[in-house]
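Below is one structure, written out as structure tokens; the observations come after it.
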Ligand SMILES: Nc1ncnc2c1ncn2[C@@H]1O[C@H](COP(=O)(O)OP(=O)(O)OP(=O)(O)O)[C@@H](O)[C@H]1O
Ligand SMILES: [Mg+2]
């Protein structure tokens, strides 16, 4: 591209944030896991000795067979679960030390997207996205523009007044992504976001997540979709039986 300057982003996740201290300083990782282990109360060891760090702006796939620990790892990042050992640091905060009452605030700094969308069926697309802001007491005057911006990013402005049940699966997932974006998070985690979608629509969702990543949001996405992972040549972290067995750019390499 030879154009003089890129157009301003439609959506600026960094808006209103403090600038990084000092020019040229290494950016603080968006998340760091140090020596993380997770054993569930029933004795099941889901994660062992996980060392992982994501820099600002990365797009990372988390892969591995069913039961490898992908969802467990993502649940640790929103303090849905606490690690049995080690430290989980998100946006500079050691999650084990965050008081319980501050967990909701911490979760707002992360956008979460699930396989099954988790939309409120009786609420419109707009209300589903707005709800994320209403529950946190965002002033009304700020909600409308923020929701409009998020819906524009996912291409759903025209469907704002529809109910989720009248939308395709891809559109429902885009609604969920708008809801994840509306708090302007630094990090989006997605657990099998294309698991319920056909291949073409899956690609649309991946393209959308890539575009959001280009706007500066770090993305960590758990997936079984080998085709997507191999063709995109992004960083791939592979888990097997709770351990990281590979962390490299590109390649799915299922051994089984
Ligand atoms: N709440 C729980 N209590 C006990 N064991 C659990 C719990 N949640 C998950 N596990 C176990 O921990 C291991 C890792 O599960 P996890 O859901 O993290 O895997 P996954 O990689 O996300 O798998 P999938 O690809 O099927 O979604 C599995 O053996 C699972 O049975
Ligand atoms: Mg899972």
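The values are calculated or read from the model by the stated rules, or taken from the named source; none is laboratory data. Remember, predicted model here, so these are calculated numbers, not experimental data. Cβ sites come from the backbone with ideal geometry, for glycine too, and all protein chains shown count toward neighbours.
From 83, 99, 104, grab the single residue that is over 22 Å from residue 193 (Cβ atoms), buried (at least 20 other Cβ atoms within 10 Å of the Cβ) and away from ligand 2 (no atom under 16 Å from the Cβ). Step through it out loud before you land on a result.
Values: 99 fails: buried (at least 20 other Cβ atoms within 10 Å of the Cβ); 104 fails: buried (at least 20 other Cβ atoms within 10 Å of the Cβ).
Criteria check complete, one pass: 83.
Residue by residue through the stretch 159-189, note down the ones that are within 23 Å of residue 60 (Cβ to Cβ) and assigned to a loop (DSSP other than H, G, I, E, B). Once the filter is applied, which keeps residues that are within 23 Å of residue 60 (Cβ to Cβ) and assigned to a loop (DSSP other than H, G, I, E, B), the stretch 159-189 yields 182, 183, 184, 185, 186. In the set (1) away from ligand 1 (no atom under 16 Å from the Cβ); (2) surrounded by 21 or more Cβ atoms within 10 Å (Cβ to Cβ); (3) closer than 23 Å to residue 105 by Cα; (4) touching a residue at least 60 places away in the same chain (Cβ under 8 Å), residue 216 fails one condition alone, (2). Considering only residues in the stretch 78-107 that are in contact (Cβ under 8 Å) with a residue 40 or more places away in the chain and under 19 Å from the mean Cα position of the chain (by Cα), the one that is farthest from ligand 1 (Cβ to nearest atom) turns out to be 92. The set of residues from the stretch 224-244 being surrounded by 15 or more Cβ atoms within 10 Å (Cβ to Cβ), modelled with pLDDT of 95 or more and farther than 19 Å from residue 31 by Cα comprises just one member, 240.
Evaluated against (1) without any contact (Cβ under 8 Å) to a residue 40 or more places away in the chain; (2) surrounded by 14 or more Cβ atoms within 10 Å (Cβ to Cβ); (3) more than 12 Å from ligand 1 (Cβ to nearest atom), residue 75 falls short on exactly one condition, (3). The residues of the stretch 190-233 that are closer than 20 Å to residue 72 by Cβ and assigned to a helix (DSSP H, G or I) amount to a single one, 229.
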